[in-house]
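Asks: Please see the structure below; I have some questions.
Just so it is clear, none of the values below were taken in a lab; they were calculated from the coordinates. This is a predicted model, so every value here is computed, not measured. A quick note on method: Cβ atoms are made from the backbone with ideal geometry, for glycine too, and the neighbour counts reach across all protein chains shown.
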Amino acid sequence: MDDLADLYQEIILAHNKRPHNEGILDPRTHDAEGYNPLCGDRLVIHARQDPAGKLEAVQFSGEGCAISRASASMMTDAVKGLSGDELRKKAQQILEYLTAREAPPALDLAEYGDLAALSGVRKFPARIKCATLAWHTLLAALAGKEQVSTEEA
Ligand code: ZN
């Protein structure tokens, strides 16, 4: 299990150091700013949906801790190309996983890829909102909300 914990940490640190899809997407159809007052993370998610609701592109910008940035980086990789329904389903799955009271089985690396590293965050309850921030913010953006806080949910 320690090897797995190390692997999760490596994945998160690599995404923080060289985030995927960081920047201000242009053109875009949706923007929302998410704030996690517990840690001070403030991320903006920029998204472009095609007329049928498929997420053509997504980027993030802003300031946050390693976990919040890594989660945003991994999320942008995981949701690109999804339809609105697929995306909401995936986001809900990840949010439920991160916030479930009873510890769920770890996310499967083969199925979830780098997102499986979020399994490592469950061990640090104080940091779970760092990991959920990007997901809440993406859902808010696509729902037409401009701002969201992890303390509203
Ligand atoms: Zn944080």
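Asks: Would you calculate, for the chain, the mean residue ellipticity at 222 nm contributed by helices, counting each DSSP H stretch of 4 or more residues as -39,500 (n - 2.57) and dividing by all residues, to the nearest 500? Each step should come with its number before you reach the end.
Replies: Numbers: 5 runs with 65 residues, N = 153.
Here the helix-only value at 222 nm equals -13500 deg cm²/dmol.
Asks: Once each part is reduced to its C-alpha centroid, what is the distance from the stretch 88-111 to the stretch 1-63 in angstrom?
Replies: What the calculation gives is 17 Å, centre to centre.
Asks: Right, another one. Take the residue pairs Lys80/Lys123; Lys17/Lys145; Lys54/Lys129; Lys54/Lys89 and return only those whose Cα atoms are more than 23 Å apart.
Replies: Working: Lys80/Lys123 28 Å; Lys17/Lys145 29 Å; Lys54/Lys129 27 Å; Lys54/Lys89 14 Å.
Cα-Cα > 23 Å for Lys80/Lys123; Lys17/Lys145; Lys54/Lys129; rest within.
Asks: Using R₀ = 35 Å, calculate the FRET efficiency as 1/(1 + (r/R₀)^6) where r is the Cβ-Cβ separation of Glu152 and Phe124; round to 0.05. Each step should come with its number before you reach the end.
Replies: Working: r = 22 Å, r/R0 = 0.62.
After rounding, the FRET efficiency stands at 0.95.
Asks: Next question, about the same structure. Need the full-extension length gain, Glu102 to Gln9, defined as separation in residues times 0.36 nm minus the C-alpha distance. One decimal, nm. Could the numbers behind the result be given before it?
Replies: Details: separation 93, 0.36 × 93 = 33.48 nm, distance 2.21 nm.
Result for the pair: 31.3 nm of gain on full extension.
Asks: If you don't mind, another one. Say we join alpha carbon atoms closer than 10 Å with springs in a Gaussian network model of the chain; which of Asp31, Asp108, Asp41 then has the biggest fluctuation?
Replies: Of Asp31, Asp108, Asp41, the Gaussian network model singles out Asp108 as fluctuating most.
Asks: May I pose another question? Sort 69-75, 13-19 by the packing proxy (mean of other Cβ within 10 Å over each peptide's residues), most packed first. Before the final figure, lay out each step's value.
Replies: Values: 69-75: 27.6, 13-19: 15.6.
Per-residue mean Cβ counts within 10 Å order the peptides as 69-75, 13-19.
Asks: If you don't mind, another one. Which trypsin sites (Lys or Arg not before Pro) in the stretch 92-153 sit in a loop by DSSP (not H, G, I, E or B) and have at most 10 other Cβ atoms within 10 Å of their own Cβ? Walk me through the numbers on the way to the answer.
Replies: On the way: sites: Arg101, Arg122, Lys123, Arg127, Lys129, Lys145; in loops: Arg101, Lys145.
Those satisfying the criteria are Arg101.
Asks: Report, in debye and to the nearest 20, how large the dipole of the chain comes out about its Cα centre when Lys and Arg carry +1 and Asp and Glu carry -1 on their Cβ.
Replies: Working: 17 positive and 23 negative charges, 40 e Å.
I would put it at about 200 debye.
Asks: Which one of Ser119, Gly40, Ile12 is farthest out on the positive end of the charge dipole of the chain, using unit charges on Cβ (Lys, Arg +1; Asp, Glu -1) and the Cα centre as origin?
Replies: Gly40
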